[in-house]
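Written below as structure tokens is the structure these notes are about.
The values are calculated or read from the model by the stated rules, or taken from the named source; none is laboratory data. None of these values were measured; they are calculated from a predicted model. Methodologically, a virtual Cβ is constructed for each residue, glycine included, from the backbone with ideal geometry; neighbour enumeration extends over all protein chains shown. All accessible areas refer to the heavy atoms of the entire protein, side chains included, with ligands and DNA or RNA removed. Shrake-Rupley method; radii C 1.70, N 1.55, O 1.52, S 1.80 Å.
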Amino acid sequence: MTARYMLIAAKLALSAGLIYYAFSRIDLHEAWFQMRGISVFAVVATMAILLLEIVIASVRLRRLLAMLGPRCRLMQAIDVVFVGAFFSQTLISFVGGDAMRIWRIVRSNVSLGVAAKSIVLDRAAGLAGLLVLVLATLPFLLQLVTDSAMRLGLLVALIGAVGGFMVVAAFNYLPAALRRLKLFHWIAELAAAAMTVTRSLRGIASLSGLSLAIHVLNVAVIYVLAAGLSVSLTFWHCLLLTPPVIFLSMLPISVAGWGVREGAMIVALGLVGVTPAQSVALSVCFGIAVFAISLPGGLLWLFHRGEYADAPGEMTGKYGRDPK
């Protein structure tokens, strides 16, 4: 328990430090003036796009669960995603949100093992979609990034992420002797589940398409907010620069990406002439919008406990129920 609180304290301190660093480099009056002048259309369009992302993420989770055995209604999946999104904003990054998503699925009569695998694979599918988008635009991105250190850091991060997928896949072929170790055994089971999910080309195309759609919509959100803030930023530049920023903000080292996202946004958008104040205003608006769209998850948590076991269309399946 002490280690957990120390980790939370460290993340809070890092977020605070990064936020202080980001804000110390900008004209706060200019940033506030920029945010105050955002158009109503941009706010409404942003919330609509983020809501669409929630629905797409719910469809992806529903399909992943079906591939592993349990089946659920779309509204059940939306419930899980909304609750996870809310707690991702309040429980120190996506790790807390994913823990709540697992708990929500378990409450719907699905075994803990299947619930955990579905959420880890869902997170992996999202990361894979982001990597595909970054790699597809990498040649054009490198034309903007002229600093050798930044280029090297970007390439190392991408190689590390791809290498992580390969390492997990290799656990499917782990010798039986090593599988006796509890951690290795669980990772091997996760790798086997991943192989089951990716066995079908149709399944891969479905998950990849949904993940790519979510990340392209994130790009659209940044573009809409930039237009609403009167920041001169083309959709093409948003497509090149937003995915690396999202990738860095996903690292579980801060509170819901705050601080990391602002610093990354300053560096990324500075490559195309956006001022630090504009970058921070854009990042803060994005963060507030993501928090706002997650608030229904808090209401679902308070007023609906997610117990679907007795409802029509409950989460059931070959691997869905806990053993008696």
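Values for this structure:
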| read-out | value |
| --- | --- |
| Accessible surface, 1.4 Å probe, highest first, among residues R63, R123, R261 | R63, R123, R261 |
| Accessible surface of V120 - all protein chains present, 1.4 Å probe, nearest 10 Å² | 60 Å² |
| List F235, F41, ordered by accessible area with a 1.4 Å probe, largest first | F41, F235 |
| Given charges at Cβ of Lys, Arg, Asp, Glu: the range 173-303 dipole, positive-most of T242, L207, I288 | L207 |
| Accessible heavy-atom area order of K182, K117, highest first, probe of 1.4 Å | K182, K117 |
| Part-to-part distance (alpha-carbon centres) for the range 198-253 and the range 110-141, which is given in Å | 13 Å |
| Span per principal axis, largest first, for the Cα atoms of the range 92-228 (Å) | 49, 35, 34 |
| Assigned charges on the beta-carbon of Lys, Arg, Asp, Glu; the range 167-308 dipole about Cα centre (debye) | 480 debye |
| Area of V134 that stays accessible when all protein chains are in place (1.4 Å probe, Å², to 10) | 10 Å² |
| Solvent accessible area, Å² - M195, 1.4 Å probe, full protein context | 60 Å² |
| Virtual spin-label span in nm between H185 and A292, 7 Å along Cα→Cβ | 4.9 nm |
